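One structure is given below, encoded as structure tokens.
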Amino acid sequence: MRTKTCQSLQQKRKSHKKNWRIRSRTSRQHCEIISIPSVDEPILIGGDIAVDSESEKNADPCTSRGCMWGKWTDGKVYIPYYITNHFSSREKAIITRGLESFSSVSCIRFRPSRSSDRDWLSIESQNGCYSYVGRRGGKQVVSLARRGCLYHGTVQHELLHALGFNHEQTRSDRDSHIRVLLENVQSGKEHNFRKIATLNQGTPYDYNSVMQYRRTAFSKNNKPTMVPIPNPNVSFGNAKEMSRNDIARLNTLYKCCEFTNPATGLDTPRHPHVLMQLTVRSTSPV
């Protein structure tokens, strides 16, 4: 990282009220900037996946604890949520539409929280769009900032994280479908392109998944950071809502029997994969 004098950095920090920590390097004349989250915000990886500590950066939180939401005897998965008063009525309607969209295609049922609920999603307007992966226990923040996050596909994307899914471009087989161009990636953002050791169960990579990032995600020069292979002209990262594969994977993970194909006993398409389960480690960036 390029360094500057400690005095100039301290002055810049004060004038812009930046959330920086200034760390001295080998010489007392030079320092470097370390970006850190505010006290109340989690560390983010992959742009919008929240983790509690640095130790979770290279492994899915689900590896250390069960992270699926429980199913009731009626076969439904009820997930309590609370929408804070950060939002206008129009904004709440967008969020509610995203929550309710799961009930028509799966056994997932988001419902308003009650005082007796031990675990629930707290939907808030914090700094950006982010969510933890899977069930964490207690109050679990899903951030949908009023500026930039209130779109149907974005709401579904963050809720799929909360249900246990990672980004499409982190699949273990992604190098057969996406070429990552690290030379175009912002410095310090390379970790967002690490693969995860997922079990994909023989299903195809889905360019149309709502979990697939755009072609220029984390670009430092507006050039592509990801290119499809073998056909570089394939469109991707433009999903406005969950794809057929997103829905099938959700139903497979949560064993939503009423949404399976009666002829095969499986969701359609065959063998939909689960991105978040059985994650054992992250590989180095390509």
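The values are calculated or read from the model by the stated rules, or taken from the named source; none is laboratory data. If you're wondering where the values come from, they're calculated on a predicted model, not measured in any experiment. Positions of Cβ are generated from backbone atoms using ideal geometry, with glycine treated the same way; all protein chains shown enter the neighbour counts. Just the protein is used for accessible areas: all its heavy atoms, side chains included, with ligands, DNA and RNA removed. Shrake-Rupley method; radii C 1.70, N 1.55, O 1.52, S 1.80 Å.
Structural remarks
- Of all residues in region 151-176, those that are modelled with pLDDT of 95 or more and either over 15 Å from the mean Cα position of the chain (by Cα) or not aliphatic (A, V, I, L, M) (or both) total 7.
- Residues that are open to solvent by 10 Å² or more (accessible area, probe 1.4 Å) and touching an Asp or Glu at 6+ places or on another chain (Cβ under 7 Å) do occur in region 171-183, at least one of them.
- Subset of region 131-141 that is open to solvent by less than 10 Å² (accessible area, probe 1.4 Å) and touching a residue at least 24 places away in the same chain (Cβ under 8 Å) - its residue that is farthest from ASN251 (Cα to Cα): SER131
- Matching residues, region 144-170, being crowded, with 21+ Cβ neighbours inside 10 Å and either without any contact (Cβ under 8 Å) to a residue 24 or more places away in the chain or among the hydrophobic types (A, V, I, L, M, F, W, C) (or both): LEU144, CYS149, LEU150, VAL155, LEU159, LEU160, ALA162, LEU163, PHE165
- Any chance LYS71 is open to solvent by 10 Å² or more (accessible area, probe 1.4 Å), touching a strand residue (DSSP E or B) at 6+ places or on another chain (Cβ under 8 Å), outside any loop (DSSP other than H, G, I, E, B) and not hydrophobic (A, V, I, L, M, F, W, C): no
- Breaking point among (1) under 17 Å from ILE247 (Cβ atoms); (2) touching a helix residue (DSSP H, G or I) at 6+ places or on another chain (Cβ under 7 Å); (3) surrounded by fewer than 19 Cβ atoms within 10 Å (Cβ to Cβ), for LYS220: (1)
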